[in-house]
Each structure stands twice: as C-alpha cells, then as structure tokens.
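The values are calculated or read from the model by the stated rules, or taken from the named source; none is laboratory data. It should be emphasised that the depicted structure is a prediction, and the values quoted were computed from it without experimental measurement. Glycine also receives a Cβ, built like all others from the backbone with ideal geometry; neighbour counts cover every protein chain displayed.
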Amino acid sequence: MNAQRGAETASAAVEAWQRCLERRRAGAEPEAGLDQAVAAVLPRGGLTEMPPEGLRVVVGTQAIGSVEELPDEVLVGWAYDAAAGEAGPSGYDRLIVDLLEGGFRLVSERAGLPAPVAGQEAAPPFRVVRGRRDGYRVRDYRPGDEDAIFDLYRETFGVAQDPEHWRWRYVDNPRGGPRISLAFSPEGELVGQYCAYPVRWHGLPPLGPDDSHQVGDTMTRPSARTVGRGPTSLLARTGRHFYAVHCRNRIAFNYGFNTGNITKFSCRFLEAEVVEDAPYRELPPSAPLGRGIRFRRHYDLRRVTERSEVGAAFDALFERVSGRYGLLVERSAEYLRWRYLDCPVEGPELIAAYRGGRLAAWVAAMRFPDRVEWGDALVDPAELGALRVLVDEIRVPDFPIVGWFSERPRWWSRELDSLGFVRRPEPQSLVTIQVPFVCRDAHARLRRAYYTKGDSDLF
C-alpha cells in the first residue's frame, strides 16, 4: 500500500511540475505557490533559454542522477514524498549536496504548493532550486587532504597548524570524526573549509542525540573571498554542505564562539543565533581567598599527568554531581583523558582534590606571563571547600585568574562571587552562538547551561 501511495504521489508531482512549466512557457500569470516559486527563481522568459535536460523534477529520496552530465544551468523541482516519512527532508539535502559537489552555485531557492486539479491526486509541496555551474566544488574530507588543509590554514591565519594537534582534535576524537567539508576551485586548489569536532552533552532530551558540534577552523582562502556573495559565498556553500552531511537529523546542535563579521555572517546565512556574550570573569590579584588556607588540611591535591590517573573516580564524580549542573558537556574520564592528557601540544594542568580518598573536585588551568587562565572545573557542591583550595593552588602572586564561567547553576555563580571573581567584558568581544538541529530549542537550553572555556577550541 505504501509503495502504491508513493508511486501515486510521485506521478502527481511530475504532472504538477509539467503543468507549471507549460504555464510559465505560455506566459500565464502564476496560479499557485509552485508557479510563484518558479517565477521567483527564473525571470520571465528565462525558461525558454533553459536546455530541456536542465529542467528536472525529483521526488522524495530520488537522486538527480549524474550531476556531471547536467548542463551548466539547471532548474530543479524537488517534491516531498509523503510516503517517504523522515526521508523527505534528507532527500532535499541530498539534492543540494549533489549540486554542490558537482560544482554548482545555488542561485535561488523557493518553496511552493501546486494548484489542485479536480479529480486528480493532490501533488505534494515543492521546493524549487536554480543552480549555475561555476566549477567550485564542495565535498567531504578524504584521507590525504591534510597537506592542503595545513596550507590553507597557514595562508588564512598566518601561522602553521600543528599536524599532530589537528589529528588529535579531528581524527582521534573519541566521539568520532573527522567531520570536515572542503571547497575546491575549478583548478583543484583547496579554497575553503567548514569543520567541527563532536562533543557529548549531558541533560538533553532523552529521545534525541547527545552529541553536538564545537565548530572551529572555518576559513576561506583570501584570493577566493570574492567568489559569490552571502548565501552563494564559498563559506556559506561549505557550511551548508557540512550541515547536510554531518548535522541534519544527526546531532543536537552546533555551537561555537565568534566575534565581529563572522558572527553577523553566521547569523544571516548559516542559521546561527547568538546565545549570549561569552561569560568572562576575573579574580584580581589583590582579592583575598581567606578560608582557602583553612580548608587545605581537609584535601589531598594531586597534579594529574598520566592517563591511568583518570578513571573510575572521575566518572563517579560526574555521575554524582551532574544533576546539580543542568545541561553541560559530559565530563567523563574518557573525555578528560582525550581533552587534557592526550593533546599533543603543551596544555592545561589538571589538578584534582580528594577528601577521604574520594574525588571532590578538579580544575584545569594554564599559566601565562601575565595571568592564569582557568579553563574548566567540576566541583561537588557539597565540597565547596575544595574549590577554594584548588583556586588557591592555581593562583600566582600578582597575577589575575581569568576564565569563562556561565551564570548557571546559581550555586556555582554565587560561589564565584564569594571568591571575589568579578564580571568583565570578554577581551575579544566573543559571543556564544548555536545552530539548532534535532534539538530545536537549543538556544533556550544553552541559556540555562553550564559551560566554560574548556568547552571551546580556544583553551
């Protein structure tokens, strides 16, 4: 029955598409949403200039066929197949990916509902896309692309990318990878990248995915930044390919930390929303910790340097206290080993506080010539004395301690206040942004989440 229903829907879609094209060729006024969609993406008279093989219709999960054999300009109607269930939206993503990988710039897109015809099967809703081939192709990462990625990074940012650090972040991540979309010029030069690494969050809705993406290292070669504008730029094309291949129906949300023009671009063309300003705090050098010294005798402090030292006790702490934090990145032993011990470049110190043999808290911090950067922490709220001891431990005379710490949960924020941490504007004016996928209310959830600089690629 489903197969028969699907065939009837497909037949109705093809008929509706053909009727629409005939009306447009005849110069008739648009009758319905589909007519208006075609008229919007193709100027009056443009249809007669299109080669017949460039006028296509695909339904549901159907493929467009060999993209290489298409003419340099196409008009494609994609119809949602009701019988295909959740495969319908992914069918449109598949069409877009095929066009992007085939070297097409997506000139315009519209949605529209065909006019009903008495006595005939109702046609499904359409999306109409007009594409023009310019030779810039976007595809997924392939082993061996590394050297081109490193060259692009060096030209874009003016510094070399460490190959081992890149592999640690994008290939050896315990949550999977690499998740990278790449744009190439007609001559085969790598000119753009959109990528992220997966992060698991605790506290998301139980029926959805736990993974999100921390987005980083997005870049376009300076010589290619004038290719396209806005939604047809290489950054937008590469981001869209990444969303279709790695995000839609797969992960909860993307998140990251941006500033300036890239924030504006992401919000306008890549579906991003600003959550809030990055929550920067500073402990001035003169601030007294007072009770930290008195609490010190209760705790055994250990600098963690070996993977074998991060095991069941760290998992037990997270399981015991995660409910007091709300939504937060899953700070499991596996994650901490990868994040702070496996990193091939010199990184943060991981310091743990034990009381009576049980792990009470840990912090991650880095020392710089002018400050201590406190990047991460997990503390049992019943052991707040451990927090004071650990902050005292990472402190350097005459240096401030700085870090990102969200205002949530309230008990945590109040404790930072009592320690003397004051709120400051983030020095680079960074903001937290997100793009929702399966978790459509990610914006509201992140505004209630606990996160730190350690949850970014900037620490």
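Look at residue 370 and say whether it is closer than 26 Å to residue 445 by Cα, acidic (Asp, Glu) and in the same structural domain as residue 389 (by TED's automatic domain parsing).
Considered against the rule, which asks whether it is closer than 26 Å to residue 445 by Cα, acidic (Asp, Glu) and in the same structural domain as residue 389 (by TED's automatic domain parsing), residue 370 comes out as no.
For the stretch 298-321, which positions are under 18 Å from residue 341 (Cβ atoms) and not in a helix (DSSP H, G or I)?
Answer for the stretch 298-321, where residues must be under 18 Å from residue 341 (Cβ atoms) and not in a helix (DSSP H, G or I): 301, 302, 303, 304, 305, 306, 310, 311.
Filter the stretch 75-106 for residues that are part of a loop (DSSP other than H, G, I, E, B) and modelled with pLDDT under 95; which is surrounded by the fewest Cβ atoms within 10 Å (Cβ to Cβ)?
Among residues in the stretch 75-106 that are part of a loop (DSSP other than H, G, I, E, B) and modelled with pLDDT under 95, the one surrounded by the fewest Cβ atoms within 10 Å (Cβ to Cβ) is 86.
State all residues of the stretch 296-347 that are charged (D, E, K, R) and either surrounded by fewer than 13 Cβ atoms within 10 Å (Cβ to Cβ) or over 22 Å from residue 457 (Cα atoms) (or both); if no residue qualifies, say none.
Let us first name the residues in the stretch 296-347 that are charged (D, E, K, R), namely 296-297, 300, 302-303, 306-307, 309, 315, 319-320, 324, 330-331, 334, 337, 339, 342, 346.
Residues satisfying the conditions are 296, 297, 300, 302, 303, 306, 309, 315, 319, 320, 324, 346.
Of all residues in the stretch 175-188, which are modelled with pLDDT of 95 or more and surrounded by 13 or more Cβ atoms within 10 Å (Cβ to Cβ)?
Within the stretch 175-188, 175, 178, 179, 180, 181, 182, 183, 184, 185 qualify.
Quick check on residue 116: is it more than 25 Å from the chain's Cα centre (by Cα), more than 20 Å from residue 248 (Cα to Cα) and modelled with pLDDT under 90?
Numbers: more than 25 Å from the chain's Cα centre (by Cα): yes; more than 20 Å from residue 248 (Cα to Cα): yes; modelled with pLDDT under 90: yes.
Answer is yes for this residue.
With the checklist (1) at pLDDT 95 or above; (2) more than 19 Å from residue 123 (Cβ to Cβ); (3) crowded, with 18+ Cβ neighbours inside 10 Å in hand, flag the one item residue 72 doesn't pass.
(3)
Exactly one condition in (1) assigned to a helix (DSSP H, G or I); (2) without any contact (Cβ under 8 Å) to a residue 40 or more places away in the chain is false for residue 169; which is it?
With respect to (1) assigned to a helix (DSSP H, G or I); (2) without any contact (Cβ under 8 Å) to a residue 40 or more places away in the chain, residue 169 is out only on (2).
Having 2 or more residues that are within 27 Å of residue 165 (Cα to Cα) and not assigned by TED's automatic domain parsing to the domain that holds residue 393 is the bar; report the strands (runs of 3 or more DSSP E) wholly within the stretch 188-297 that clear it.
It comes to 190-202, 211-220, 253-258.
Select, from 209, 231, 205, the only residue that is touching a residue at least 60 places away in the same chain (Cβ under 8 Å), out of contact with any strand residue (DSSP E or B) (no Cβ under 7 Å at 6 or more places or on another chain) and farther than 29 Å from residue 328 by Cα.
Exactly one residue qualifies, and that residue is 231.
Under 6 Å by Cβ, and 6 or more places apart or on different chains, what pairs join a residue from the stretch 414-428 that is under 17 Å from residue 379 (Cβ atoms) with one that is assigned to a helix (DSSP H, G or I) and modelled with pLDDT under 95?
none
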